[in-house]
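Just below is one structure, and these are the notes that go with it.
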Amino acid sequence: GFYINDKNIVTNYHVVEGCDNLKDSDESPLKIIIIDEMNDLVILEGPRTKQSLRISPNAPALGEEIYVAGFPLYSSLKGLNFTSGNVSALKGYGQASSQFQFTAPTQPGNSGGPILNRYGSVIGIVVAGLKSDTLMRERGTVVQNANFGIKNTILKGLMDDNKINYKSSDAFWSKSQENLASIASENSVLIRCYGN
């Protein structure tokens with residue numbers, strides 16, 4: 001997940017579904033505040049922070065450079081992962097209009113992580129990827145970099161409806177990849193699920 005203001009964390013519903021207790025990497029408790037099961041989004045309340053990500057005022061654009069942060073395969077890799085790619089389609093799997101497709105590599109554990117634009121603002125939330133083994137069995141095709149994100153417009157609507165504070169703006173200048181990685185690292189949260 002990732003901080004969107006000084007106390008609220010955004011992630012996917014499927015990340016926290018069935019969990020009796022949620023904690024961050026410091027074992028601080030996290031509390032579910034809002035659930036949007038249909039769009040696979042949840043807003044949590046966590047420990048106070050001085051930093052948070054801004055949401056881009058613009059929806060994802062076809063061909064736009066994007067950057068993804070998360071904690072894939074955490075039991076093996078034990079840390080934050082940062083990858084890059086671009087927006088490859090403006091609709092998700094099955095032509096879902098609430099999602100878009102992107103090429104940055106992701107793995108299990110990336111769900112709920114931020115998708116940033118070149119200014120360091122959120123344009124989406126990682127939600128899923130096509131499974132290579134399934135499509136290989138069904139169609140004899142190897143999938144390459146077909147991943148999906150929930151559009152920032154869906155997140156903004158959820159937060160507006162529930163009066164959750166957030167900042168919606170892009171920085172004036174684009175940032176280096178190193179700077180974007182630092183921004184993503186400072187604002188991303190490992191969510192631990194207990195009792196599932």
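The single condition from (1) open to solvent by 70 Å² or more (accessible area, probe 1.4 Å); (2) under 18 Å from N162 (Cα atoms) that E17 fails is (2). A search for C-beta distances below 8 Å between a residue of segment 18-35 that is small (G, A, S) and any residue that is outside any strand (DSSP E or B), counting only pairs 6+ apart in sequence or on different chains, returns G18/N196; S25/V189; S25/L190; S28/G46; S28/P47. One residue stands out among those in segment 32-62 that are at pLDDT 95 or above and basic (K, R): the one that is farthest from N12 (Cα to Cα), which is R48.
Restricting attention to segment 46-76 and to residues that are open to solvent by less than 70 Å² (accessible area, probe 1.4 Å) and part of a strand (DSSP E or B), the residue that is nearest to L190 (Cα to Cα) turns out to be G70. Which one of these is part of a loop (DSSP other than H, G, I, E, B) and surrounded by 17 or more Cβ atoms within 10 Å (Cβ to Cβ): G124, G112? Criteria check complete, one pass: G112. Could you please tell me which pairs satisfy a Cβ distance under 9 Å, a separation of 6+ or placement on different chains, a first residue in segment 152-169 that is more than 14 Å from N8 (Cβ to Cβ) and open to solvent by less than 60 Å² (accessible area, probe 1.4 Å), and a second residue that is at pLDDT 95 or above and in a helix (DSSP H, G or I)? So the pair list comes out as S168/N152; S168/K156.
The values are calculated or read from the model by the stated rules, or taken from the named source; none is laboratory data. Just so you know, these numbers come straight off a predicted model, no measurement behind them. For neighbour counting, all protein chains shown are included, and Cβ atoms are generated from backbone atoms with ideal geometry for every residue, glycine included. Quick note on the areas: whole protein, heavy atoms, side chains included, nothing else; ligands and nucleic acids left out. Shrake-Rupley method; radii C 1.70, N 1.55, O 1.52, S 1.80 Å.
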